[in-house]
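One structure is given below, encoded as structure tokens.
The values are calculated or read from the model by the stated rules, or taken from the named source; none is laboratory data. Values in this document were obtained by computation on a predicted structure and should not be read as measured data. Ideal geometry is used to build each Cβ from the backbone, glycine not excepted, and the neighbour counts take in all protein chains shown.
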Amino acid sequence: MQAAALRTRNKTYYRVLHVPLWIWVFFTLPGALTASLYAHGFGRAQWLWLGVVTSACIWRGLQGRLPGVEPRPYITHYGLESPNLGYRVVCYTAAWIAIVAPWLLNAIGLVVAAAGGPWIISSLYGWPYDAVAAVIVAVAALDRLPRVRRSIRGEGAERAWFYVGVWTAVLSQLAAWGLWRLAPRLGLAGAALMRLRLAGFLGVSAAILALGLAGRLPRTRRVHVANGASDLPAAAGE
């Protein structure tokens with residue numbers, strides 16, 4: 001494997017582009033607000049929360065205390081034995097919630113609708129969403145969540161697992177949304193449409209997951225270091 005060049009500083013555009021990503025992660029974190037946003041659009045509560053999150057992320061970004069927004073990369077070599085930083089733990093825990101919870105709730109909603117039941121997505125963003133978020137926080141507390149562990153030693157593999165989750169969740173939900181938008185042209189409605197959306201959602205999920213596990217997608221190649229720090233510099237990008 002060819003070693004990536006060791007970065008001593010993060011480029012300005014790279015740092016700036018990470019700020020809106022974290023704004024989106026924390027903006028969508030409250031399940032009830034997110035469900036209301038999808039159902040009714042922006043209201044007073046959403047605008048207020050967006051203002052708070054944006055201000056906080058810009059403030060933390062200017063301090064270089066968001067992942068990817070640091071002046072210098074914290075992780076320089078794979079296998080480096082060093083403690084994880086508090087803001088990384090908080091940010092990546094929130095990011096895992098933003099990845100896993102919507103994917104799982106969409107899967108449940110599509111299964112129910114495809115079986116002829118009602119569209120229940122909005123109701124799932126109540127206690128079911130909170131339960132999923134609580135499980136993810138518990139996994140993080142048990143030191144089992146990639147990129148949230150107490151040590152950054154496994155970053156070479158954990159970073160890849162994180163991006164497998166990102167690719168799978170984002171592209172599968174885009175596929176389900178795209179099929180919904182195509183429904184009028186396809187002449188489908190009701191349970192038939194939901195079965196098609198479910199098939200597209202699960203099919204894309206399986207395909208992207210397979211590509212990610214094979215390391216064929218950007219940032220999904222896993223680097224395992226057996227003992228001690230590797231002389232392979234960490235690849236660019238969070």
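Just the residues that are exposed (fewer than 15 other Cβ atoms within 10 Å of the Cβ), touching a residue at least 60 places away in the same chain (Cβ under 8 Å) and among the aromatic types (Phe, Trp, Tyr), please, taken from region 29-78.
38
Could you please give the count of residues in region 79-96 that are outside any helix (DSSP H, G or I) and either among the aliphatic types (A, V, I, L, M) or surrounded by fewer than 19 Cβ atoms within 10 Å (Cβ to Cβ) (or both)?
Here is the first cut: in region 79-96, the residues outside any helix (DSSP H, G or I) are 79-85.
If we keep only those that are either among the aliphatic types (A, V, I, L, M) or surrounded by fewer than 19 Cβ atoms within 10 Å (Cβ to Cβ) (or both) as well, we get 80-83, 85.
Within region 79-96, residues that are outside any helix (DSSP H, G or I) and either among the aliphatic types (A, V, I, L, M) or surrounded by fewer than 19 Cβ atoms within 10 Å (Cβ to Cβ) (or both) number 5.
Having 3 or more residues that are more than 30 Å from residue 85 (Cα to Cα) is the bar; report the helices (runs of 4 or more DSSP H) wholly within region 122-238 that clear it. Spell out the reasoning first.
Numbers: elements: 127-141, 155-186, 190-213.
Where helices (runs of 4 or more DSSP H) fall fully within region 122-238 and carry at least 3 residues being more than 30 Å from residue 85 (Cα to Cα), they are 155-186, 190-213.
If a residue has to be touching a Lys or Arg at 6+ places or on another chain (Cβ under 7 Å) and surrounded by fewer than 20 Cβ atoms within 10 Å (Cβ to Cβ) to count, how many in region 142-157 make the cut?
2
Residue 82 passes all but one of (1) under 22 Å from the mean Cα position of the chain (by Cα); (2) modelled with pLDDT under 95; (3) closer than 19 Å to residue 65 by Cβ; which number fails?
It is condition (1) that residue 82 fails.
Of the residues 144, 181, 153, only one is at pLDDT below 95 and out of contact with any Asp or Glu (no Cβ under 9 Å at 6 or more places or on another chain); which?
Details: 144 fails: at pLDDT below 95; 153 fails: out of contact with any Asp or Glu (no Cβ under 9 Å at 6 or more places or on another chain).
Result: 181 is the single residue among 144, 181, 153 that is at pLDDT below 95 and out of contact with any Asp or Glu (no Cβ under 9 Å at 6 or more places or on another chain).
Pick from 75, 99, 108, 58: which is more than 23 Å from residue 204 (Cα to Cα) and either touching a Gly at 6+ places or on another chain (Cβ under 8 Å) or assigned to a helix (DSSP H, G or I) (or both)?
Details: 75 fails: either touching a Gly at 6+ places or on another chain (Cβ under 8 Å) or assigned to a helix (DSSP H, G or I) (or both); 99 fails: more than 23 Å from residue 204 (Cα to Cα); 108 fails: more than 23 Å from residue 204 (Cα to Cα).
Answer to the check: 58.
Taking residue 222 and the conditions (1) touching a residue at least 24 places away in the same chain (Cβ under 8 Å); (2) out of contact with any helix residue (DSSP H, G or I) (no Cβ under 8 Å at 6 or more places or on another chain), which numbered condition does it fall short on, given that it satisfies the others?
The number of the failed condition is (2).
Yes/no per residue for (1) touching a helix residue (DSSP H, G or I) at 6+ places or on another chain (Cβ under 9 Å); (2) surrounded by 19 or more Cβ atoms within 10 Å (Cβ to Cβ):
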position: 177; (1), (2): yes, no
position: 181; (1), (2): no, no
position: 208; (1), (2): yes, yes
position: 226; (1), (2): no, no
